[in-house]
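We did not get these values from a lab; they are worked out from the coordinates using the rules stated. Keep in mind that what you see is a predicted model, and the values were worked out from it rather than measured. All Cβ positions, glycine included, derive from the backbone under ideal geometry; neighbour counts span all protein chains shown.
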Amino acid sequence: MHDHAHNHSEKQELNRRGLKIAFMITLTIMIVEIIGGFLSNSLALLSDAGHMLADTFALGLSLWAIKMAQKPASHERTYGWHRLEILAALANGILLTIISGGIFYEAIQRFLHPAEVHGGLMLVIAIIGLVANFIGINILHKTSRENLNVRGAFLHMLGDTLSSLGVIIGAVFIIFTGWKIVDPLISILINGFILRSAFQLIFESGEVLLEAVPSGITLTEVVAAAKKIDGVRDLHDLHIWTITSGIRALSAHVLIADLKVSEGNIILREVEELLEKEFNINHTTLQLECESCGEGLVCQNPKRR
């Protein structure tokens, strides 16, 4: 038990360190792109900087979530502070949407009134951003496979890398063709990607807050799997929801055959192990019921049937 806790603590520290480095990289590149965007008059660079702003917030959120998740539950907050991650993710999605809307408006103005863009400076800044983002995604790549929180940060930085690549392509077109319209066009393409991510983030946050059944799970599948365990007759009053990323919860009444208390407890443990192994549900509240009252077991209420 001690070794398990020690290893978990080491992994958390490794995750925190990787996120901190990625946060500093993203923050630095965001500042460079804002300055470079104004100096080169490139809306595509400013658009990418807007993406960086949201991702800096997201990375900071991930760091904060790791710290807050370590706080113990209390009498007032029996689930601890896990839901703060979801609320902040919802705020992040709304912020992304607002930023994208502003840049879309500016891009339309640029189509109507093309502005002079300094392609050379735009290219240099975008290359710096691309290199820095490559460093960031390499740092987060290993731990992103094991930790959902870090995986979200990794996907944000991957999006930044694609955005920087788009700005580089736009800068090359401007340098060799002089087509000023490429700048707002690249900006719109980048923002389309950002807006899609923002809507997905808002939707997923809303699903968690509404305590919807997690994606990839159906109640029918869970009931069918549980009924394969010897002694389990049925599962009812079944509820499955997500507390926060990576923590799924379930409550249910388990109808079993008329058995002894010790046998009922064995079945209970088998159901819990099944739920964690097959559906990654790691927080369960189960009540045993039997068709006829046995020693120490709760008799099923016929009215509930």
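With angles folded into 0 to 90 degrees, how steeply does helix 83-112 sit against the dominant principal axis of the chain? Use alpha carbons for both and round to 10.
30 degrees
Choose one answer from Asn41, Asn191, Asn265: the residue with the largest mean-square fluctuation in a GNM of the chain with alpha-carbon springs under 10 Å.
Answer for the Gaussian network model of the chain: Asn265.
Of Glu211, Glu276, Glu263, which has the largest mean-square fluctuation in a 10 Å C-alpha GNM of the chain?
Glu263
Which one is right for this structure if Rg/Rh (Cα atoms, Kirkwood Rh) is calculated from it: (i) 1.14; (ii) 0.95; (iii) 1.02?
The calculated read-out lines up with (i).
Per the helix-only calculation at 222 nm, which mean residue ellipticity applies to the chain, given -39500 (n - 2.57) for every DSSP H run of n ≥ 4 and division by its residues, nearest 500 deg cm²/dmol?
On the way: 8 runs with 207 residues, N = 305.
For the chain, the value works out to -24000 deg cm²/dmol.
If the elastic network links every pair of Cα atoms under 10 Å, which of Thr285, Thr26, Thr244 fluctuates the most in the Gaussian network model of the chain?
Highest fluctuation of the listed residues: Thr285.
What is the dipole size for the range 2-209, taken about its Cα centre, with +1 at each Lys and Arg Cβ and -1 at each Asp and Glu Cβ, in debye to the nearest 20?
Working: 14 positive and 15 negative charges, 63 e Å.
Dipole about the Cα centre, nearest 20: 300 debye.
Against the longest principal axis of the chain, how steep is helix 261-279, in degrees 0 to 90 to the nearest 10, with axes from Cα atoms?
20 degrees
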